[in-house]
Amino acid sequence: MIVYSSRLGELSVAEDKLITFPHGFWGLPEWQQGVLVPVADAPVFFWLQFTHDPAAAFLLLDIAALAPDYDCAAAKAAAEVPADAAVYTIVTIPDQNLSLATTNLLAPVVISTSRDLSHPQATSDKRQGTQAILHDSGYPLRFPLFEGGGG
Amino acid sequence: MLVLARKIGQKIRIGSDIELVVVAVQGDVVRLGISAPKGVPIHRQEIFDAITAENQAAADVSVADVICALAKLHPPSSQGRVQARNIFLFSPKVSPDAVDNKVECSARDEQLSGKEAARKFKED
């Protein structure tokens, strides 16, 4: 299918690349289907472009690649997904100022590679995702990406 | 709002499958136990509010020059992953100058970056 993105233009996306977020995101309940697009030349960043609105997208960070100590296992456990799921954190850029960018370590986005989140036995090949909340982890909601940045 | 008085150990049932029990009361702190089906998210209100607000703030990353700025922070000529690690707090720190976001980036560059991303994705 063709996915329109206000940031990336027209994307031709194979059906099996689509990721379903059954509950959407907190505060953004209609953000339920998206696709991961690597950011050119910045291998740790991805756009999570949603299909319902060209302007709907998150900037995600491949947190495992950047911070090997981050507790991805806890995120997968909270999301109740298989161990081969991928964990990303959402990047916020306040006032369009990249040096103030923060990432949300408290509520990471967990994306399964194939299985249905709510039904681990399901044979569906559809990729599913969810936003996990790491209660009592001590991880901050706004972790500054850059020294002297926001938080 | 329905207000009910309960003693320690007493329960409240919400619908057919959600159960609330007063576990303990110590001063002004009430400990509650909650049993609910797996699909029902249960969170402290202030955490829910904070994450909701943060999601909405993150949704506002509509900056066209993010890709361009990121690209300049991660030169394609070097090993991107190593380069990325160097600019983040997680590992070796760098001076703020190195992450100055005032990267010069023309509108044409932005478009190219976007198209490039799309092209790479299609190849993938």
If we ask which residues in region A:29-45 are crowded, with 24+ Cβ neighbours inside 10 Å and part of a strand (DSSP E or B), their number turns out to be 3
query: Among the residues of region A:50-71, is any in contact with a Lys or Arg (Cβ under 6 Å, 6 or more places away or on another chain), within 19 Å of A:PHE146 (Cα to Cα) and not aliphatic (A, V, I, L, M)?
result: no
Among residues of region A:1-42 being free of Cβ contacts under 8 Å to residues at least 24 places away in the same chain, more than 11 Å from chain B (Cβ to nearest Cβ) and under 13 Å from the mean Cα position of the chain (by Cα), the residue nearest to B:ASP49 (Cα to Cα) is A:GLN32
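Residue-wise test of (1) assigned to a loop (DSSP other than H, G, I, E, B); (2) touching an Asp or Glu at 6+ places or on another chain (Cβ under 9 Å); (3) over 21 Å from A:PHE143 (Cα atoms).
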{"position": "A:TYR4", "(1), (2), (3)": "no, yes, yes"}
{"position": "A:GLU10", "(1), (2), (3)": "no, no, yes"}
{"position": "A:HIS23", "(1), (2), (3)": "yes, no, yes"}
{"position": "A:LEU48", "(1), (2), (3)": "no, no, no"}
{"position": "A:ASP53", "(1), (2), (3)": "yes, yes, yes"}
{"position": "A:ALA74", "(1), (2), (3)": "no, no, no"}
{"position": "A:PRO82", "(1), (2), (3)": "yes, no, yes"}
{"position": "A:SER99", "(1), (2), (3)": "no, yes, no"}
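Read-outs throughout are calculated quantities, based only on the coordinates presented, and are distinct from any laboratory measurement. Everything numeric here is computed off the predicted structure, so don't read it as measured data. In this analysis, Cβ positions are derived from the backbone assuming ideal geometry, glycine residues included, and neighbour counts consider all displayed protein chains.
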